[in-house]
Structure formats: C-alpha cells, structure tokens
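Please read through the structure below; I'll follow up with questions.
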Amino acid sequence: MPETLKTQLAVIGAGPGGYAAAFHAADLGLQVTLLDVQPNPGGTCLYRGCIPSKALLHVAKLITDAREAEEWGLTFAPPQMDLDKMRRRTGQVIEQMTGGLGQLCRARKVAYLRARATFMTSHRLAVFHEDGSEDTLEAEYVIIATGSRPALFGPLIKSDRLMNSTNALQIDRIPSTLLVIGGGYIGLELGSVYAALGAKVTVVEAGDMLLAGADRDLVAPLEKRLEHTFEEVLLKTKVADMREQEDGMRVQFEGEGVSAEPRIFDKVLVCVGRKPNSRGLNLADTAIETDNKGFILVDAQRRTAEPHIFAIGDVAGQPMLAHKASAEGKVAAGAIAGKKTAFEPQAIPAVVFTDPEIAWCGETENSAREKGLSVHIARFPWAASGRASTLSRSDGLTKILVDAETSQIIGMGIAGSGAGELISEGALAIEMGAVAEDLDMTIHPHPTLSETVMESAAAIFGQSTHIYRPARKTDK
Ligand code: NAD
C-alpha cells in the first residue's frame, strides 16, 4: 500500500551538493529526508566521477613516476597490470567513502530513501523505491540536487568501443588506440589515464585550445608534456562521421589541416560537456523555471521561483564542480533554517587533475580582460623553485593577479605538480581581501612549492628573491 510520508525538508539527489545540504540542515535542527537511487550518498562524484577518476590518475602517476625515476638512477621493470585488481581497489575506495557517508546520515538522523523522486505538486513528491514500490512524500521544503549527465554526441551508436566518462572508468581492457572527443577537463584527465596505461591517445577538440577558459600560459606547460604523453592533439577539428566496423571505430575528421581520410580507433571516448538533470522531475507542475540549456533558475540563496524549493549544484548552473555544489547546499540549508545566507563567492577554485595539474581561482587574465579590469600580473616560473627542482618538476608556473590600484589579490593561477592543493591559498587570500603584501610578508616554509605563491606576490613589486628582473629604462 502506498504511504504518504511527511518530512520538513526533502533533498532530491545525494551527491556532494545534496548530502552537504542534508547534513547541514540536520545540524541546524531540521528533519531531513535525502533521496537517491544509489545504495548510499555520494552521487556522480563518488560513484562515477571525481573519486574513481582520481584513483585512476593516482595509478597513472605511479606509472609515470616509476618511469621517470630513471633520471635519478632508479630503474624499474615495466609495470605488470592487473586490471581486475585495479577495478577492485577503485571499488573499495568508492565503497569505503560512500559507506562512510551512509553512516554520517544515520548519525545525523537524516532519513535516506533509496528512491527516485518527481514532483506531483510543489509540496508533494512521488517516490519510486528501488524495490518497485511507490510512496508519496509531503515536504515543507525541497532542495533539488540532481546533478548532471554526460552530453551525447553524434549518431547514437551502441558499441563497446564507444565510451563516456562513466563507463570509461571501468577499464576492462586497455585499447591499443583511443580517440578522445573533447579537450576539456574529462577528456584530458581520462585521456591521461589511458595513455599512462599504454593506449595511444588522440584528442580531437573543436575549439582552438585545450581547456577553453583557462589562461594560455597556464595551459602551456600541460600542452608541452602532452606532446609526449599523447599521440596527437587535433585542435579546431570535429568528428564529421563515425561508424563501427569489425576492426574498430572508423572516424572521419573535418578541420584545419586534417586529412579527410578515415582513421580507425580501437575505442572512442566522448566527453563534450555535461547536461543538467532537470528533465524527469516534472517541473511543469511547479512554477520552477529553467533556462534554454535546462539549468534551474535560482536567486542568491539558490531559491527557485517556488519560495520553498531550492536548487543547487550542476542542475543550478555553471561551474559544474562538486565543491561549488557543496557550498551552495550549505547556503540553501541555512536559508531554510532562517539564517541570513547568500551564495556570493569571490573565488571558486577550478582544478584539472592532469600532469601537471592546472588550477585557478578568482579572475583569470581572460576574464579580467573581458571585464576591462585594471590589473597587475606577476608570474613566478617554477624553474626558480628549489622544491620543484628536487621533484624534477620545474615545468610549473604560479601567477597572481592584483588590482592595479590597491594591490588586492583578485586572481591566482597555478600550473604544476600539486597545483590543486596549492590553489586554496589563493582562494583564501581572495576571500579575505588580502593584498599582495600580505602574501609576500607571510613566511612560507622552505623548501616547498607554496613558496612560489609568496614569490609571485613579491614579484608584483618588481623583484622576488629567486628572480631578478633588470630594471627597464621606464622603471623608476
Ligand atoms: P568540458 O566543457 O570541460 O569540455 C568539453 C570540450 O569538448 C570543450 O572543450 C568543447 O569545445 C569540446 N567539444 C564539444 N563538442 C565537440 C565536438 N563535437 N568535437 C570536438 N570537441 C568538442 O566538458 P567535460 O570535459 O565533458 O566535463 C564536463 C564538466 O564536468 C566540466 O564542465 C567540469 O566542470 C566537470 N568536471 C570537472 C572535473 C574537475 O573538477 N577536475 C573533472 C571532470 C569533469
């Protein structure tokens, strides 16, 4: 018999947005029901995104580190790969993390329903449980945190040779050749994994650069390394035709300077962006509005056109990043609990976990130019960093953007090993309204890569200890 359940707050979707919102709301005293089809909270990030891909990138790093140890006089035999064991280990990481989130749910008394939900009315949800039964859930408040899914590309070919970002994580065999369509976050991260495992990787990107949106000088060290890692990177190129034949996927390219002659790839990985999961929620029976791409429209508190319904994370707009979703979740939960909250970050860090990593936050050189901001920019090349030399990774760059008048830090970009860890100092500096002197005068431990942040700030004033710029005639 279908039941009518009641809850103060229903959170639809238990990814990093949904579970952060649910936990925070429970901590603020609300009675919360969290719904997701997976056995535990975790969402795309834990089950088929950030965490499994980073586990595989760790494997890739072990392989390349072992190979590059040769320059230090250490030679290892080529790796033996047990793909079953690799998958099992990744699975264990996922299970451990999602299981932990399940425990946190129980500890906070958040009711977790393994179910899919759609709106019947703006206060009523139809709940479809995993076991096939159905209930109705009446909720005073709702947070929609349903995330996104991979965008489809071209003809809908059903083939084991065609992968998206989800099934590419289940490495059942290493393809001899792999075509990656899309030179964005996912294409470069997963392409790097497959290349380290031994596949010959070709990347085809429609735009004129990899990682569109990131500053050119930050992408340059990555492009240089990818020249050796990947077989080929084809920019300003699209796939004109793709079909499966016995010996592989037959692909025809169109673009600048590309041969029209078809080429055969063992496998193809499509990563041309992601789409918000707003369809299938039956939003038509509510006043909630979406834009033409399907993103739910929200205000600064992440409130939709229905005052008691909020939307957070990928479904509520760019950037589609887990940490942005979590931060929005806390804002929405706070608003529901009656707190004065707003989602107004000055800096949302972006990290591409390639080798080297690329990370940035706040304004980029591109965005500053587009907004007509008057900025001073200083760069500290890692060739001048002792720590980078000891790691054989002098190929990095740390860059800082400050307001030309006040020296207030408004942006930071880092390319290099571990950039993803280092960028948080930039985010904190921006959020706290720090000026370049603050970073310059903060004593950073030696020898670390974090010194490059301090030295980039020093370079704003002309010189930094490990770089000497001869005075130009125009310098005072
Ligand atoms: P993306 O938007 O980063 O890159 C897609 C790329 O595909 C773009 O450069 C685009 O120009 C290109 N493209 C589109 N159509 C094409 C075509 N027909 N032929 C060739 N190229 C084409 O998208 P993604 O890599 O799929 O990642 C999706 C989202 O997931 C990203 O927006 C990102 O926010 C998120 N993500 C983040 C991380 C991270 O934080 N490290 C990792 C993975 C994914």
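So what's the gap between the Cα centers of segment 361-404 and segment 34-48, to the nearest angstrom?
Between the Cα centre of segment 361-404 and that of segment 34-48, the gap is 36 Å.
Two decimals, Cα atoms only, Kirkwood Rh: what is Rg/Rh over segment 350-460?
Working: Rg = 12.9 Å, Rh = 13.6 Å.
Looking at segment 350-460, the ratio lands at 0.95.
I would also like to ask the following. In terms of modelled amide H atoms, which long-range or inter-chain residues lie less than 5 Å from the amide H of Gly411?
Glu363, Leu401
Once both labels are modelled 7 Å past Cα along the beta-carbon direction, what's the Lys224-Thr4 spacing in nm?
The modelled label-to-label distance comes out at 6.8 nm.
Okay, next question. Expressed as cubic angstrom per residue, what is the convex hull volume of the alpha carbon set of segment 146-207?
Details: hull volume 6.7 nm³, N = 62.
With only Cα atoms used, segment 146-207 gives 108 Å³ per residue.
Now a separate question. Where the only charges are on Cβ atoms (+1 Lys, Arg; -1 Asp, Glu), what is the dipole of the chain about its Cα centre, to the nearest 20 debye?
Working: 49 positive and 60 negative charges, 97 e Å.
In debye, rounded to 20, the chain gives about 460.
Given the peptides 305-316, 290-301, arrange them by the average over their residues of other C-beta atoms within 10 Å, most packed first. Walk me through the numbers on the way to the answer.
Numbers: 305-316: 25.0, 290-301: 15.3.
Order by mean packing, descending: 305-316, 290-301.
List the residues, sorted by chain then number, that are 5 or more residues from Leu34 or on another chain and whose placed amide H is less than 5 Å from its amide H.
Counting only residues 5 or more places away or on other chains, the set is Val11, Ala111, Tyr112, Leu113.
Next question. Output the antiparallel fraction of DSSP beta bridges having both residues in the chain, as a percent to the nearest 5. Walk me through the intermediate numbers first.
Working: 51 of 84 bridges.
So the antiparallel bridges amount to about 60 percent of the total.
Which of Lys224/Lys267; Lys275/Lys324; Lys54/Lys85; Lys61/Lys224; Lys224/Lys275 have a Cα-Cα distance over 22 Å? Don't jump to the answer; show the numbers that get you there.
On the way: Lys224/Lys267 25 Å; Lys275/Lys324 16 Å; Lys54/Lys85 16 Å; Lys61/Lys224 17 Å; Lys224/Lys275 31 Å.
Listed pairs above 22 Å: Lys224/Lys267; Lys224/Lys275.
Follow-up question, since we're still on this one. Please compute the modelled spin-label separation between Ile174 and Ala212, points set 7 Å along Cα→Cβ, answer in nm with one decimal.
Output for this residue pair reads 3.3 nm.
Now for a separate question. Arrange the peptides 462-471, 16-25 so that the one whose residues have, on average, the most other Cβ atoms within 10 Å appears first. Before the final figure, lay out the partial values.
Numbers: 462-471: 12.2, 16-25: 28.6.
Answer by packing, highest mean first, reads 16-25, 462-471.
Shifting gears a bit: Using a 1.4 Å probe on the protein chains only, how many percent of the accessible area of the chain belongs to carbon and sulfur?
Details: 12000 of 23180 Å².
That share works out to 52 percent.
Taking the mean number of other Cβ atoms within 10 Å as a proxy for protection, how do you rank 280-289, 420-429 from highest to lowest? Kindly include the intermediate steps, with their values, before the conclusion.
Working: 280-289: 15.4, 420-429: 20.1.
Per-residue mean Cβ counts within 10 Å order the peptides as 420-429, 280-289.
What ³J(HN,Hα) values, in whole Hz, does the Karplus curve 6.51 cos²θ - 1.76 cosθ + 1.60 give for segment 186-191 when θ = phi - 60°, with x put for Gly and Pro?
6, x, 6, 5, 6, x
Let me ask something additional. Please list the non-local residues whose amide H lies under 5 Å from the amide H of Leu162, H modeled 1.01 Å from N, same-chain partners needing a gap of 5 or more.
The list, which skips near neighbours in sequence, is Val268.
How much accessible area does His123 have with a 1.4 Å probe, in Å² rounded to the nearest 10?
Surface accessible to solvent at His123 totals approximately 90 Å².
For segment 46-59, just list the computed ³J(HN,Hα) in residue order, Karplus coefficients 6.51, -1.76 and 1.60, θ = phi - 60°, integers in Hz, with x standing in for Gly and Pro.
8, 7, 8, x, 3, 6, x, 5, 6, 5, 5, 5, 5, 4
So, one more: Hey, if we sort Arg369, Arg116, Arg250 by accessible area with the 1.4 Å probe, largest down, what's the order?
Details: Arg369 155, Arg116 120, Arg250 70 Å².
I get Arg369, Arg116, Arg250, largest accessible area first.
Ordered by residue, what ³J(HN,Hα) values in Hz, to whole numbers, does segment 356-367 give under the Karplus form 6.51 cos²θ - 1.76 cosθ + 1.60, where θ = phi - 60° and Gly and Pro are x?
Rounded to whole hertz, the list is x, 6, 10, 9, 8, 7, x, 6, 9, 4, 4, 5.
Using a 7 Å offset from Cα along Cα-Cβ at Glu421, what residues in segment 368-400 end up with backbone N under 14 Å from the label point?
What the label zone holds, given the 14 Å backbone N cut-off, is 387-388, 391.
Using alpha-carbon pairs under 8 Å, 6+ residues apart, how would you state the relative contact order of the chain in percent? Mind dumping the intermediate values first?
On the way: 1012 pairs, mean separation 68.8, N = 476.
Reported as a whole number, the value is 14 percent.
Could you state how much accessible area Phe128 has, in square angstrom rounded to the nearest 10, with a 1.4 Å probe and all protein chains kept in place?
Counting only protein heavy atoms, the figure is 60 Å².
Continuing with this model, one more query. Using label points projected 7 Å from each Cα along Cα→Cβ, tell me how many nm separate His308 and Phe76, to one decimal.
Distance between the two pseudo-spin positions: 5.7 nm.
Let me ask you something else. On average, how much accessible surface per residue is there in the chain, in Å², for a 1.4 Å probe, leaving out ligands, DNA and RNA?
49 Å²
Which shape class, rounded, prolate or oblate, goes with the chain when its Cα gyration tensor gives a ≥ b ≥ c as root eigenvalues, a/c under 1.5 marks rounded, and past that a/b bigger than b/c marks prolate? Can you show the working numbers first?
Values: a/c = 1.80, a/b = 1.23, b/c = 1.46.
In terms of gyration-tensor shape, oblate.
Also: Where both residues lie in segment 162-272, what percent of DSSP beta bridges are antiparallel, nearest 5?
Antiparallel: roughly 45 percent of the beta bridges in segment 162-272.
Taking every alpha carbon pair in segment 85-147, what does the distance histogram look like in 5 angstrom bins from 0, in percent?
It works out to 4, 14, 16, 18, 20, 13, 8, 4, 2, 0, in whole percents.
May I ask for the distance between the Cα centers of segment 99-139 and segment 290-332, given as a whole number of Å?
Between the Cα centres of segment 99-139 and segment 290-332 lies a distance of 20 Å.
Of all the C-alpha pairs in segment 162-272, what % are more than 15 Å from each other? The partial results should precede the final answer.
On the way: 3742 of 6105 pairs.
Counting pairs separated by more than 15 Å, the tail of P(r) holds 61 percent.
The values are calculated or read from the model by the stated rules, or taken from the named source; none is laboratory data. Because the structure is predicted, anything quoted here is derived from the model rather than measured. Ideal geometry is used to build each Cβ from the backbone, glycine not excepted, and the neighbour counts take in all protein chains shown. For the accessible areas, the whole protein counts, side chains as well, though only heavy atoms, and no ligand, DNA or RNA atoms are used. Shrake-Rupley method; radii C 1.70, N 1.55, O 1.52, S 1.80 Å.
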